[in-house]
Amino acid sequence: MRSGLVFVDFVARDGRRVVLRAPRWEDLDDLLGLINSLVEEEAEIVVNERVTRDGEVEWLASVLARVERDEFVHLVAEVDGRVVASADLHPGRGSESHVGVVGIVVKDGFRGVGVGTRMLEVIVDVARKRGLRLLVLSVFASNVRAVRLYERVGFVRCGLVPLRHFSKGKYVDEVVMAKSLV
């Protein structure tokens, strides 16, 4: 997959134009701002400490190399020239080569307008085209809004890992969800 490849563009429910595309080097500062904004708002994600620019450089270099080698899919959502969301699809290996693991984050102010839904729809479409048969993801049980989004896109709850995360001073269960593509 080529850096910056556009998958789709659309108009969000709030009227903003959104472009879903593959990431590129120029997204570095926006991606760093995205993850750190989620850390600052104490969003229910695994990362709970600010990421340094050096750390983000290392991460983005790895992402771009893996995307270029077609080892996995990564999308960003761009609004007004800025990255506001990120999603990825990691295909499994060996006996799990038919399974894709999905991850997604959306910046505050861009939730609830269709960005996450459309990103997941593109991920599902790409997964089908790649011959995957099952998608899985995990989410903090307390992140009810995200769980509802995943359910709307066709994911179903299939497991619970008690006390998996420690967030905001308490332990939080993790919900495991799956979507069959067959």
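Judged by the mean number of other Cβ atoms found within 10 Å, the most tightly packed of the peptides 5-13, 118-126, 80-88, 144-152 leads the ranking 118-126, 80-88, 144-152, 5-13. Note on LEU163 and GLU71: the model spin-label points, each 7 Å out from Cα along the C-beta direction, lie 3.5 nm apart. Pairs of alpha-carbon atoms within less than 8 angstrom and 6+ residues apart define the contacts here; what relative contact order does segment 6-135 have, in percent? Across segment 6-135, relative contact order equals 23 percent. Taking only alpha carbon atoms, segment 117-162 gives an Rg to Rh ratio of 0.99, where Rh is the Kirkwood radius. The Cα-based radius of gyration of the chain, divided by its Kirkwood radius, gives an Rg/Rh of 0.94. Give the cross-link partners of LYS179 among the aspartates and glutamates, using a straight C-alpha distance below 17 Å as the criterion and excluding same-chain residues fewer than 8 apart. Correct list for LYS179: ASP88, GLU96, GLU121, ASP125, GLU151. With the charge dipole of segment 10-97 set up from +1 on Lys and Arg Cβ and -1 on Asp and Glu Cβ about the Cα centre, the Cα lying farthest toward the positive end among the listed residues VAL47, LEU60, LEU89 is that of LEU89. Would you mind counting up the charge near ARG148? Only other residues with Cβ under 15 Å from its Cβ, with Lys and Arg at +1 and Asp and Glu at -1. Its environment carries a net charge of +3.
Expressed in units of 2.2 N^0.38 Å, where N is the residue count, the Cα radius of gyration of segment 92-182 is 1.13. The lysines whose alpha-carbon is closer than 25 Å to the alpha-carbon of LYS168, local same-chain residues fewer than 8 away aside, are LYS107. Per-residue extension of 0.36 nm, minus the Cα-Cα distance of GLU40 and GLU121, leaves a gain of 26.4 nm for this segment.
Given a cut-off of 11 Å, what percent of all Cα-Cα pairs of segment 1-46 lie beyond it? Percent of Cα pairs beyond 11 Å in segment 1-46: 73. In percent, rounded to a whole number, the relative contact order of segment 31-108 is 23, using alpha-carbon pairs under 8 Å and six or more apart.
Each value in this text was obtained by applying a stated rule to the coordinates, not by laboratory testing. Everything quoted here is computed from the prediction, not taken from an experiment. Glycine also receives a Cβ, built like all others from the backbone with ideal geometry; neighbour counts cover every protein chain displayed.
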